[in-house]
1. Determine which single condition A:Leu263 fails, assuming it passes every other condition in (1) under 28 Å from the mean Cα position of the chain (by Cα); (2) crowded, with 17+ Cβ neighbours inside 10 Å.
2. Name the residues in region A:425-441 that are of a type outside the set (Gly, Ala, Ser) and more than 14 Å from chain B (Cβ to nearest Cβ), would you?
3. I need the full set of residues from region B:260-289 which are among the small types (Gly, Ala, Ser) and at pLDDT below 95, in order please.
4. Taking region A:52-67, which residues are exposed (fewer than 13 other Cβ atoms within 10 Å of the Cβ) and closer than 19 Å to A:Ala193 by Cβ?
5. Given (1) surrounded by fewer than 18 Cβ atoms within 10 Å (Cβ to Cβ); (2) more than 22 Å from B:Arg260 (Cα to Cα), identify the lone condition not met by A:Gly406.
6. Applying the selection to region A:111-143, what residues are touching a Leu at 6+ places or on another chain (Cβ under 8 Å) and surrounded by fewer than 14 Cβ atoms within 10 Å (Cβ to Cβ)?
7. Counting only residues that are of a type in the set (A, V, I, L, M) and within 23 Å of A:Arg298 (Cα to Cα), which one in region A:227-260 is surrounded by the fewest Cβ atoms within 10 Å (Cβ to Cβ)?
8. Residues that are within 26 Å of A:Gln230 (Cα to Cα) and without any contact (Cβ under 8 Å) to a residue 40 or more places away in the chain: list the strands (runs of 3 or more DSSP E) wholly contained in region A:1-111 that include at least 1 such residues.
Amino acid sequence: MSLLTCNQISKSFPGVLALDKVDLSINAGEVLALCGENGAGKSTLIKVISGIYTDVEFSGNLLLNDQSVSFYDLTDAEESGIAVIYQELALIPRLSVAENIYLGHEPTRGGLIDWETLYSDAQALLQKYNIDIDVSAPVSHLGIGQQQLVEIAKALAKDSKILLLDEPSAALTDDEVVRLLEIVKQLREQGTACIYISHKLDEVFQIADRVTVLRDGQSVFTSAISDCDQATLIRHMVGRDIHDMFPYKSHQASDTILDVQDLNVFDEQRQEQRLFNISLEVQAGEVLGIGGLMGAGRSELLLHLMGAYGKRHQGTIRYKGQVVNLHNPAEAIKMGMVLVSEDRKRYGLFLPHSINFNLSIASLDRCSHGGIINAEEEHQNNQHWFDELNVKAPSLEVACKTLSGGNQQKVVLGKTLMNEPSLVLLDEPTRGIDIGAKVEIYEIINRLKSQGKAIILVSSEMPELMGMSDRIIVLAEGHIGGSFERSEFDQEKLLHAAMHTQEVSTSA
Amino acid sequence: MNKLSIREFSLFFALILIWMFFAAINPEYLGARNISKMGVELAMTTIIAFGMLLVLLPGQIDLSVGSGAAFLGGIASALVFNHSFPAPVALGIGLVCGIVIWLLMGLIIVKHKLPAFIITLGGLLIFRGLDHKVIDGTNVPVSHGTDNLYTYLTEFNLHPIVGWALITIVGLVFIYNKVQQRKRRQKFGFEVDTSEVSFLKIFVVIQALILATITFNQFQGIPLPVIILAVVGCFVYYLTEHHTLGRHLYAIGSNEEAARLSGIPVERSIVTTFVILGVLTALTGFIQASFVGSSTPQACEYLELDAIAACVIGGTSLKGGRGNVFGVLLGSLIMVSLVKGMTLLGMEPEDKLIARGSVLVLAVWLDIYLARRSGISDLS
């Protein structure tokens, strides 16, 4: 007898069948890994199980202890013992850790909140799971990883029988991931059923008892974890074998597009210097990779090049041989520099609007005369890039918020490329998108390369950085920590360079 | 698209209900005279609401348009009556003041990153104070008893034949545009209405145009403010639907940071909307003073709230990024029809205020309720 069973669950959105007769079951004291590419239907399935979609909004059955159940809303599901930990944090920054943990379930005495119980319960809870966080600290004072642990504690406080973890490790450091996995193990011993969603397959193999793979809304594979390996999982997730993950094409020396000398940039809001003595150059048809740890100043460097960040205290930027002083992204774009930023939802897309709107919004001048948009020209351009980038959507009129991460990223790429740039700055262009779409983006990068565009690629994924770049420079705390030709690429050396200057600058 | 039609259909339906209700109580409500007067009042609310739409789209707001309109109208009236300026010059000066003041407010808002709510709330009080100083707290007539450009603003009506000629041209242009648009969408492979629905839509609009013209002509002809309203409406429609500025406004309203990084001139776009709003505020102030016959201390009270209400009822988001001309027109038709109907029934001003407020709340509640019911929530 299984604790929770999903029986032939189907859910459709206008134009998309998000879930197609999905079967899934989980027993008490079991960890089930749910794998699949973005857009495979994992999040939709979570929403079905957790009561966000009521039973009129999907078809199929949810069984709890073999009894058919239907939830009216999230709270309803919570009362049946189902709790969700979302990948996006749902904490209130100004409230303390303890207040967040018991938000909506505050212990009361005589109608007023019983603060002593609240804090001592929170303390006991965190101790039980070995989480070392001050319960009276405001959440805003914690790092992202600690916040994620608070989020987990919040679910634990509800004494749930079934815990859904939606990419809980995405923002965690390695140490914190270890902590998280221990907590999950502890829960399993207590008899809690956990559904664990993660892109990181090594975690899946460490923690899961069984695995179910979703692809295109269908459950295509279920197996005990001991009976399968990573290659099998990837094959089921992608639906085909991926032979050549990084289709690198070599580069011939040509004209220098961007030449940066001795750049020193000051962050006026935070009142500190962020970039120190940065020099670099990129040629036409070349990919310059920029590596480094989070917060090393990589995004800041790209934003500064676009005229969108910081004040330059020293240094020159030459673009196609000319010294430039850019004040805003509009000027940069006019000169032929474009940026695909790391957070596409925040800095790239106009989510409620159509693909049409998003594609042409940055280059309306190209299809308008005296400010009046020529619908025909606009549509031709949009259709061209829609096809060229292989965006998977029913039509150009679909709202961007309904697209999967990979397709959203293609729209962002299309938007920037419509400006016909000579220099393309890519900041984590494949973050959070699935393997198939990643390879497509790599192919686009190569196409741009063969068209003679200069490319700067910022990435936290070492294999991607080493696979796609002609040269790599590594940033460490705003300094250049090392610079490597393709023949010198080596994961350890790169990592060492990323940490190196940290030691120098802290000891100095 | 679907959601849009549902909303606009229900607004249209509500409007018909309102008309039927008041006409049943007092048939004069739909008489030529009342409709003509309503046309002028509709013009005032809607012109300013169109301006408000432009400011709301990029996520800004303007609370100062009511006192601003009174102030600018007051300047023109004082110049004409107290200082014997020729009306065109006085109106010109009022207009220039409007442009300059709204340009300054726009610049303050974008350059110093101050919330428009606060700046224009200040404007609301300052302009009312200035207005009282300009008209010295009394009623200042818009003329010395003889007709001038100022009085013509609301007293001039198109000769019936000219009116028919104009409406024929407008109707033909409308049909041509609709047909072209439909062809284009078909060519792009986009969804189009069935030919029956398309025909019906055109038919309804043409019917409305003809009916309105007949009614206006039964009284004194199409009033000038209605013509001005139509021109402003076309201008704002074109701006929002076919001009790069309009696109940029929608983009800024739905994601300002992304708009900036996409190279959209965020500051310039916002300031431009404020300048346009300044022009429309002046225009509204003039029409209002002309309609009453003088600038009064209470002129244009709550006009800003009526304008915002019309926008919101018509589906404009106060957070920016959503709203269109057609919706705003329906929203302000509903507001004006209600107020005019209540006036005709001789309701007390206090009751009218309560009714207006309730309609606004009800409309927004209904909108959100309908959106949830149809499964399109903003939550996802």
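1. (1)
2. A:Glu428, A:Pro429, A:Thr430, A:Arg431, A:Ile433, A:Asp434, A:Ile435, A:Lys438, A:Val439, A:Glu440, A:Ile441
3. Scanning region B:260-289 gives B:Ser262, B:Gly263.
4. Hits for region A:52-67 are A:Asp66, A:Gln67.
5. Among (1) surrounded by fewer than 18 Cβ atoms within 10 Å (Cβ to Cβ); (2) more than 22 Å from B:Arg260 (Cα to Cα), the lone unmet condition for A:Gly406 is (1).
6. If the condition is that a residue be touching a Leu at 6+ places or on another chain (Cβ under 8 Å) and surrounded by fewer than 14 Cβ atoms within 10 Å (Cβ to Cβ), then A:Asp132 is the only one that fits.
7. Among those that are of a type in the set (A, V, I, L, M) and within 23 Å of A:Arg298 (Cα to Cα), it is A:Val260.
8. By residue number, A:16-26.
The values are calculated or read from the model by the stated rules, or taken from the named source; none is laboratory data. Owing to the predicted nature of the structure, the values given are computational and were not obtained by experimental measurement. FYI the Cβ positions are ideal-geometry reconstructions off the backbone, even for glycines, and counts take in every protein chain you see.
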